[in-house]
1. Please give the per residue accessible area of the range 150-217, computed with a probe of 1.4 Å over protein heavy atoms only, in Å².
2. Ranked from the most accessible area to the least, with a 1.4 Å probe and all protein chains present, what is the order of Ile224, Ile176?
3. Go through the range 181-190 residue by residue and turn each phi into a ³J(HN,Hα) via Karplus (6.51, -1.76, 1.60, θ = phi - 60°); whole Hz please, and just put x for glycine and proline.
4. May I ask you to give the percent of accessible area on the range 209-291 that is carbon plus sulfur, with a probe radius of 1.4 Å?
Amino acid sequence: MPGSHEAKVDTAVLVIISMVMAAVLSLSIYLRWRLGGITAPTIQTCAATLWCALNGASRQIAIRQTLLLCFRTAVVAWMLYRLTTFFEEPTWSGLPVTLDWKLSFFTVWNYLLQFCYWVLSMSTSAIHLVGTRCRLPAGASFGRDISRFFRASSGLASLQHALFSTCLPSALLVSIVLWTILYPADAAKGHAERELNFASYNQHAINTALLLLEFCVNRFVVPIQHLYLTLGWASSYVVFAWVQHFSTHRWPYFFLDLSGPPAIAWYAVLMLAYLVMFMLVVAASRVKARASGLLADGGALSFFIGPTNPLLASSPDPVTATTDAETAWPSSDLRVVDDQAGEVQGQRAEAHRASHERELFPR
């Protein structure tokens with residue numbers, strides 16, 4: 001979508017919008033502090049599907065995790081291909097298709113962030129599948145290295161969760177804004193082809209559908225505590241657009257134009273839409289968690305009972321606990337461990353359901 005021509009920035013409008021954005025972002029950060037943290041996901045969470053906890057058979061779990069890895073790998077390959085053709089896409093503004101021009105659009109920002117999510121999700125899936133199937137004799141130095149690496153990879157799991165909480169609401173909002181605001185505006189001017197092309201479909205429909213499919217099969221929920229991430233991401237782009245305007249004298253989107261009081265209404269509508277979209281995703285996460293039993297599942301994030309729960313701190317790490325117990329796959333030992341984890345999970349489900357629900361979805 002080409003930017004508008006040069007227009008003078010109304011300083012008062014800029015100050016008002018900046019203050020409102022800062023206040024909303026500060027409120028979301030306070031909300032994160034006030035509600036407290038959430039149970040950190042594990043590397044197993046990132047690699048598991050929504051159905052992995054419903055069957056203790058190790059072979060079935062491995063098949064589901066492998067299918068999830070294949071799906072994520074295919075998405076990475078597709079997005080990588082589309083990124084290599086970025087500069088071959090046509091432009092209707094008469095401007096050269098440069099990297100600066102591409103990066104001026106929020107669509108591209110989100111597409112790149114989504115690519116980072118898919119690469120990370122593919123990596124965590126591969127790490128889990130390879131690490132849990134490489135069974136070495138007890139005491140092997142490489143086996144200990146694998147165990148230490150799994151414990152250190154918890155940071156990757158938290159990063160993947162944060163990226164997912166940011167990408168999904170943003171992708172939904174970008175798609176809605178394009179098809180309900182930008183497309184009608186261009187169609188009225190006789191330029192509907194700007195949105196009705198494959199590059200646009202890929203960045204405003206296909207990518208969103210892939211994230212929704214991922215949401216339906218993975219074990220992540222989007223907690224309200226991650227609101228500050230989504231608002232911070234959007235605010236970063238808005239500030240970037242402002243700074244870029246002072247350099248290029250162009251706006252990437254007409255509704256970002258700060259030349260008059262109507263900008264206040266546009267920014268308010270977009271901010272409200274972002275909040276509504278995020279809350280809808282949180283509500284969908286709540287339905288997903290309740291329908292699938294995630295609330296009773298080790299902090300509502302992992303199909304293993306993780307050591308992050310203080311009541312279960314003495315429980316063995318599911319990775320290290322099975323590493324020394326197995327020498328081949330599939331084995332009866334792994335099925336026994338899975339069955340035991342499922343049994344313990346069932347016994348403690350009702351006792352912890354209410355507390356986990358309050359943690360993820362505070363009223």
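1. Each residue of the range 150-217 exposes 38 Å² on average to a 1.4 Å probe.
2. Ile176, Ile224
3. Each residue's phi maps through the Karplus curve to give 10, 6, 5, x, 5, 6, 4, 5, 8, x Hz.
4. Working: 2680 of 3370 Å².
About 80 percent, which is the carbon plus sulfur part of the accessible surface.
The values are calculated or read from the model by the stated rules, or taken from the named source; none is laboratory data. None of these values were measured; they are calculated from a predicted model. All accessible areas refer to the heavy atoms of the entire protein, side chains included, with ligands and DNA or RNA removed. Shrake-Rupley method; radii C 1.70, N 1.55, O 1.52, S 1.80 Å.
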